[in-house]
1. How large is Rg/Rh for the chain, to two decimals, with Cα atoms and a Kirkwood Rh?
2. Measuring from label point to label point, each 7 Å out along Cα→Cβ, what is the Ala7 to Phe29 span in nm?
3. Counting only protein heavy atoms and using a 1.4 Å probe, what share of the accessible area of the chain belongs to carbon plus sulfur, as a whole percent?
4. Taking a probe of 1.4 Å, how large is the accessible area per residue of the chain, in Å²?
5. Which listed residue (Thr43, Ala28, Ala2) has the Cα farthest towards the positive end of the charge dipole for the chain, taking +1 on Lys and Arg C-beta and -1 on Asp and Glu C-beta about the Cα centre?
6. Dipole magnitude of the chain about its Cα centre, charges +1 at Lys/Arg Cβ and -1 at Asp/Glu Cβ only, in debye to the nearest 20?
Amino acid sequence: EAQTDRAFLGRSRRVVVVADSSKLGRTAFARICDLSEVDDFITDSEADPVALKELDDAGVQVTTC
């Protein structure tokens with residue numbers, strides 16, 4: 001699945017990550033891409049403000065809903 005996701009990223013103009021707040025700060029089994037490749041991050045309002053600030057500081061557009 002990670003290889004398929006990487007192939008999609010290679011062909012995309014914009015990378016949007018949608019994840020609930022429980023995913024922030026966790027390490028996954030496979031790396032899909034570097035943070036520098038992510039354009040937008042969308043999550044719920046329970047997300048850790050410090051983690052969201054780190055994303056914002058890295059140039060990622062953060063949206064909570």
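The values are calculated or read from the model by the stated rules, or taken from the named source; none is laboratory data. What you are looking at is a predicted structure, and each value in this text was computed from that prediction instead of being measured. All Cβ positions, glycine included, derive from the backbone under ideal geometry; neighbour counts span all protein chains shown. Remember, those area values only see protein heavy atoms, side chains included, never the ligands or the DNA or RNA. Shrake-Rupley method; radii C 1.70, N 1.55, O 1.52, S 1.80 Å.
1. Details: Rg = 11.8 Å, Rh = 12.4 Å.
Reported Rg/Rh, Kirkwood definition of Rh: 0.95.
2. Those two pseudo-labels are separated by 1.9 nm.
3. Result for the chain: 50 percent of the exposed heavy-atom area is carbon or sulfur.
4. With the other protein chains kept in place, the chain gives 79 Å² per residue.
5. Most positive-ward Cα: Ala2.
6. Dipole about the Cα centre, nearest 20: 320 debye.
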